[in-house]
Amino acid sequence: PKPFQRLCKELWPGNFAPSPTHYFFKLLHDKGKLRRVFTQNIDSLETASGLPADLVVAAHGNFDGAHRVTDTGHPGAAVSLEEVRQAALHGGDAEWDALFEAHGGPVKPSIVFFGEQLPRRFFELARADFPKCELLLVLGTSLGVHPFA
């Protein structure tokens, strides 16, 4: 976990701004033309653009929550996002170690690492939304990373 914990500061939302594409999604929502945005990105830029969080399905998770890591591939108990943010942005190994002790194991933002299960919400909403869509836009992907491949 230590290499990720060091990288976490660079990845944390706030370091990057939404792109015109993110604002395009927001415009579609404002005009009543958007059912949902499915994304592989973990940066939470969709919600940073003003899109309501319930319209975003982050297939690989994002930084909108945090949890204790388990060995089952499923997220453990929720952890205060603010605690994790403080450790990521202002802390070091000692702060991450304190989180480990406080929560009975390693903690991380609710992003999906290789080998972990995708969020159940992804499968539920893909099954519900895709048959209903009249137009499907596929943007900014090589279509080489599952589940979008």
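List pairs: first residue in region 54-71 and closer than 23 Å to Asn15 by Cβ, second residue among the acidic types (Asp, Glu) and open to solvent by 20 Å² or more (accessible area, probe 1.4 Å) anywhere in the structure, Cβ distance under 8 angstrom, at least six positions apart or on different chains.
Ala58/Asp64; Asn62/Asp43; Phe63/Asp43; Ala66/Glu83
Among the candidates Asp71, Asp64, which residue alone is at pLDDT below 90, assigned to a strand (DSSP E or B), among the charged types (D, E, K, R) and surrounded by fewer than 18 Cβ atoms within 10 Å (Cβ to Cβ)? Before the answer, list the steps.
Working: Asp71 fails: assigned to a strand (DSSP E or B).
Asp64 is the lone residue from the list that is at pLDDT below 90, assigned to a strand (DSSP E or B), among the charged types (D, E, K, R) and surrounded by fewer than 18 Cβ atoms within 10 Å (Cβ to Cβ).
Among the residues of region 74-93, which ones are in a helix (DSSP H, G or I) and either on the phi > 0 side of the Ramachandran plot or open to solvent by 70 Å² or more (accessible area, probe 1.4 Å) (or both)?
Going residue by residue through region 74-93, those that are in a helix (DSSP H, G or I) are 81-90, 93.
Within region 74-93, Glu82, Glu83, Arg85, Gln86, His90 meet the criteria.
Which of the helices (runs of 4 or more DSSP H) contained wholly in region 1-58 include at least 1 residues that are of a type in the set (Phe, Trp, Tyr) and open to solvent by 30 Å² or more (accessible area, probe 1.4 Å)?
Working: elements: 2-11, 20-30, 45-48.
Fully inside region 1-58 and qualifying: 2-11, 20-30.
Can you name the residue in region 114-149 that is without any contact (Cβ under 8 Å) to a residue 24 or more places away in the chain and under 16 Å from the mean Cα position of the chain (by Cα) and, of all such residues, is surrounded by the most Cβ atoms within 10 Å (Cβ to Cβ)? Explain how you work it out, then say what you get.
First, pick out the residues of region 114-149 that are without any contact (Cβ under 8 Å) to a residue 24 or more places away in the chain: 114, 120, 123-124, 127-128, 130-131, 134-138, 142-144, 146, 149.
Cutting the leftovers down to under 16 Å from the mean Cα position of the chain (by Cα) gives us 114, 120, 123, 146.
Working: Phe114: 5, Arg120: 9, Phe123: 14, His146: 10.
Checking each candidate, the answer is Phe123.
The values are calculated or read from the model by the stated rules, or taken from the named source; none is laboratory data. Since we're looking at a predicted model, the values are computed, not measured. Don't worry about glycine lacking a Cβ; one is built from the backbone with ideal geometry, like all the others, and counts go over all protein chains shown. Heavy atoms of the whole protein, side chains included, go into the accessibility calculation; ligands, DNA and RNA do not. Shrake-Rupley method; radii C 1.70, N 1.55, O 1.52, S 1.80 Å.
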